[in-house]
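The values are calculated or read from the model by the stated rules, or taken from the named source; none is laboratory data. It should be emphasised that the depicted structure is a prediction, and the values quoted were computed from it without experimental measurement. Accessible surface is based on the protein model in full, side chains and every heavy atom, while ligands, DNA and RNA are left aside. Shrake-Rupley method; radii C 1.70, N 1.55, O 1.52, S 1.80 Å.
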Amino acid sequence: MTQAAATCALIEAYYATFNAGNRDDFLTLLTDDVLHGINQGEQETGKPAFRAFLERMDRCYREHIADVVVMVNEDGTRAAAEFMVHGTYLSTDDGLPEARGQTYVLPAGAFFTVRDRKVARISNYYNLPDWERQVTG
């Protein structure tokens, strides 16, 4: 398997494992020093910070990632993914509108750096004003 093919498989596993909901398995796909760029927010470093992010996400949202398209550079060190987020807003998240079980569908994208066949950086992007319009009606 080429490095590019291995990276494509890693990113596909990243989203499949996210959808399966097993956060321990999900975290094994990341380097210990993973850099996480949160959409329109700060960057966090390390698995403990990523675990805390996932715990907040699981408390506030139920999301399923669909229609994933993965693009990888030739040496497999960088990748991008485009996908749709299908979600339910479960509990009010800090600084955001009140949650009342609203559903949403959002196009999103992510950029990855891969090192030693693990995700070393992920930066997620989606249109926050679009999400806010969907949940506020």
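Using a probe radius of 1.4 Å on heavy atoms only, what accessible surface per residue do you get for region 1-106? Whole Å² is fine.
54
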Which whole-angstrom value gives the distance between the alpha carbon centres of region 113-135 and region 12-89? 7
First compute the accessible area of region 8-116 with a 1.4 Å probe, then give the percent of it belonging to carbon and sulfur atoms. 50
CD proxy at 222 nm, helix term only [per DSSP H run n ≥ 4: -39500 (n - 2.57); per residue of the chain; nearest 500]: -10500 deg cm²/dmol
